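Below: one structure, written as C-alpha cells.
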Amino acid sequence: CKLAQRLGLTYLPPRVAAWRYTRGHRSLLDNLKAATSASTPTIVATASASAGVEAGLEDEEDDAFVPIEVEYVIDSLLQGLQDRDTVVRWSGAKGLGRVGARLPKHLANEVVQ
C-alpha cells in the first residue's frame, strides 16, 4: 500500500490548501514601524487579498489533467482497505487521504463515494 501511495503521489502535482496559515514577512523593523504608526490594517488587507488569489488558483486546478495510472493506484489502495491486517488497512486509508488531497474536488468526491 505504501508503495502504491507514493507512486500515485508522483503522478499528481502538490496542492497547497488555501486555508492554510500564511506567515507573511516579519522583521523587527516592520514591527517597530507598526507600533509607531497604525499600519496594521494594511498588513491584514494584503493577507486577505493574497488568499483571494490562491482561491482563484484552486479553481484553475480543478480542470487539471489526471493520468489514468492514478485510477490503478486508487484501486490498489481500496483493495488494501479490505485486508485482514490493521496496519495495511491503516496505510491504505492514509494513502487514499493523501492522494485524494491532491486530486481535484470532483474526482476526490468520486473516490469517497
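At 0.36 nm per residue, minus the direct Cα-Cα distance, what do L32 and A18 gain on full extension? Give it in nm, one decimal, please.
2.1 nm
Among S37, S91, what's the order by accessible area (1.4 angstrom probe), most exposed first?
S37, S91
Under 27 Å between alpha carbons, and skipping anything fewer than 8 positions from K105 in its own chain: which lysines qualify?
Straight-line reach from K105, under 27 Å: K2, K94.
The values are calculated or read from the model by the stated rules, or taken from the named source; none is laboratory data. What you see is a predicted model, and the numbers here were worked out from it, not measured in a lab. Side chains are part of the model used for accessible areas, which takes the heavy atoms of the whole protein and leaves out ligands, DNA and RNA. Shrake-Rupley method; radii C 1.70, N 1.55, O 1.52, S 1.80 Å.
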